[in-house]
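The values are calculated or read from the model by the stated rules, or taken from the named source; none is laboratory data. Remember, it's a predicted structure, so these values are computed and weren't measured experimentally. Please note: Cβ atoms are built from the backbone with ideal geometry, for glycine as well, and neighbour counts cover all protein chains shown. Just so you know, the surface numbers come from the protein's heavy atoms only, side chains and all, with ligands and any DNA or RNA stripped out. Shrake-Rupley method; radii C 1.70, N 1.55, O 1.52, S 1.80 Å.
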Amino acid sequence: MVGAACALYAARAGLDVIVVDRGPVAGGTTGAGEGNLLVSDKEPGPELRLALLSLRLWQELAAEEEFAAAVEYEPKGGLVVASSAESLAALTVLAAGQRAAGVRTVPVDAARLRDLEPHLAAGLAGGVLYPQDAQVMPTLAAAHLMRASGARLETGRAVTRILRGPDGAVRGVRTDRGDILAPAVVNAAGVAGAEVAALAGVALPVLPRRGFVLVTEPLPPRVRHKVYAADYVADVASDSAALQTSPVVEGTAAGPVLIGASRERVGFDRSFSLPVVRALAAGATRLFPFLAHVRAMRTYVGFRPYLPDHLPAIGPDPRVPGLFHACGHEGAGIGLATGTGRLLAQTLTGASPELDLTPFRPDRFDRPHRAHRSPRPGRPGGRSGRSGRAEPFGEEASP
């Protein structure tokens, strides 16, 4: 998704774009995502600013003819619920900080929760409604963004080397089907971002963070919003490599309900984990008891591209002129893709980016002081000319 968004905005800025991907469109993390476009799970700071920019751009795309229907864009809002008074107090503090940063938040007391979600469990302490949250079908969205870009797409083509001139600057890539010359290369390789960076001789500590999604049989609409427990925000922000699960439930336009979320760092182990899936099902039925009588049709697994400070790498790499990065978005890549693409296009064409890219610097992990993480109050539980060619790599672009 991030590569497709970079292609779209770079092309709209006048660049000649080639996208190289060793697999198919959305064959990696994007195809294993839920399609969330969220501000509700972002704490005040640089990621939330990027999310607000991205949501505005998603809304602009959705206003284009037939786009919203084609990608199943649903501006349905998110509902975060708290099971205890303590959890609700922390969620309220978080929402106040988000509201000060420009997020629309609506406090919901316990008595009103079931007005918003009639099938929610009884006994919850309250929650916060986030009207800006939305959802797309990620594989469709990536495909439509790619098509709309008009970029030349090279799938099934593995990048084996980033070519550099005598001065160290990028001059293209070598692939298993020959060289592609270009003055700028964008590493949008998702969980393979570290591998692609290494091809240019630089380090970017992208690690995979595994997650499972449980998919139910198709149902009539019963879950109106994206609904999740307040401790989900803490799990997103956690540095732990151990398994964490918190209930996240949302319907889809096609009928099935998607159930998450799990997080663990186990490398690229794709093996099925019954204990994880059981934990997801148990958490979902605590929120929505009717799900106990619904059949689960399948599960799928994906790997979030995790960076240690939970912020993506976006922008030019000062260590290699002509190398740009757009990866490490962890579980927020669908939502943050549009803003990332816009910012990359601005830097590629020499324009001033709409947001300060300092917190997203790709070389920040090389320096002794790398404290760019967002404050957590109230946590609930190199340029090329316009005639140049930019190459956003897809998620699975590295060899």
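General remarks:
- With respect to the conditions (1) at pLDDT 95 or above; (2) surrounded by 16 or more Cβ atoms within 10 Å (Cβ to Cβ); (3) out of contact with any Ser or Thr (no Cβ under 7 Å at 6 or more places or on another chain), residue 115 lacks only one, and its number is (2).
- Residues (in contact with a strand residue (DSSP E or B) (Cβ under 9 Å, 6 or more places away or on another chain), open to solvent by 30 Å² or more (accessible area, probe 1.4 Å) and hydrophobic (A, V, I, L, M, F, W, C)) located in segment 237-271: 241, 242, 243, 253, 266, 268
- When residue 198 is tested against (1) small (Gly, Ala, Ser); (2) crowded, with 20+ Cβ neighbours inside 10 Å; (3) in a helix (DSSP H, G or I), only condition (2) is not met.
- The residue pairs whose first member lies in segment 275-293 and is more than 17 Å from residue 262 (Cβ to Cβ), whose second member is of a type in the set (S, T, N, Q) and open to solvent by 40 Å² or more (accessible area, probe 1.4 Å), and whose beta carbons are closer than 6 Å, counting only pairs six or more residues apart or on different chains, are 292/285.
- Residues satisfying the stated conditions in segment 52-71, i.e. under 16 Å from the mean Cα position of the chain (by Cα) and either of a type in the set (Gly, Ala, Ser) or open to solvent by 70 Å² or more (accessible area, probe 1.4 Å) (or both): 54, 56
- Just one of the numbered conditions (1) within 30 Å of residue 282 (Cβ to Cβ); (2) part of a helix (DSSP H, G or I) is not true of residue 209: (2).
- Residues that are part of a loop (DSSP other than H, G, I, E, B), within 19 Å of residue 7 (Cα to Cα) and either modelled with pLDDT under 95 or within 22 Å of the chain's Cα centre (by Cα) (or both) are absent from segment 213-226 altogether.
- Test: residue 216 is among the polar types (S, T, N, Q) and more than 15 Å from residue 249 (Cα to Cα): no
- Residue match in segment 28-37 (condition: surrounded by fewer than 24 Cβ atoms within 10 Å (Cβ to Cβ) and assigned to a helix (DSSP H, G or I)): yes
- Out of 148, 89, 141, 96, sole residue that is in a helix (DSSP H, G or I) and crowded, with 21+ Cβ neighbours inside 10 Å: 141
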